[in-house]
Amino acid sequence: MQKYRKRNTPAFTFLAYFTFFAGVALFLIGIYNADMQLNEKGYYIAVMILVAVGAILTQKVTRDNSEDNEIIAEQNRSSSHSS
């Protein structure tokens, strides 16, 4: 039987969480320093895009890792029963 391999590497998982938390942190820093000049409006748009991408990646990675853990657990159960 072929061993199942996780779809997401630890580096990709880290990147997903990092972009989400970096986006939130940058957004909070931007709110703290808001005088709302034109360049700050562009900053808010860029940060919100970063947060959206980070949230989507985090959701995907979390779901994929959960599914992978279930598949690996099932394979381990079936391989221990057949031995």
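Summary of computed values
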read-out	value
Residue exposure sequence - 7, 77 - by fewest surrounding Cβ within 10 Å	77, 7
Neighbour-count order for 32, 44, fewest beta carbons within 10 angstrom listed first	32, 44
With Cα atoms, 0 to 90° folded angle of helix 10-32 axis to the chain main axis	20 degrees
Whole-number percent relative contact order across the chain, with pairs defined as alpha carbons under 8 Å at least 6 apart	46 percent
J(HN,Hα) series, segment 36-50, from Karplus relation 6.51 cos²θ - 1.76 cosθ + 1.60, nearest Hz, glycine and proline x	6, 7, 4, 5, 6, 4, x, 4, 4, 5, 5, 5, 5, 5, 4
Residue-wise HN-Hα coupling along segment 63-71, computed from phi with Karplus coefficients 6.51, -1.76, 1.60 (Hz; x: Gly, Pro)	5, 4, 5, 5, 5, 4, 5, 5, 5
For segment 10-82, the fraction of alpha-carbon pairs in successive 10 Å shells from zero, as %	19, 32, 21, 14, 8, 5, 1
Net charge of Cβ neighbours under 13 Å - reference residue 3; Lys, Arg +1; Asp, Glu -1	0
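Bear in mind that the values in this text are calculations on the coordinates, not laboratory data. All values derive from a computational prediction rather than experimental measurement. Don't worry about glycine lacking a Cβ; one is built from the backbone with ideal geometry, like all the others, and counts go over all protein chains shown.
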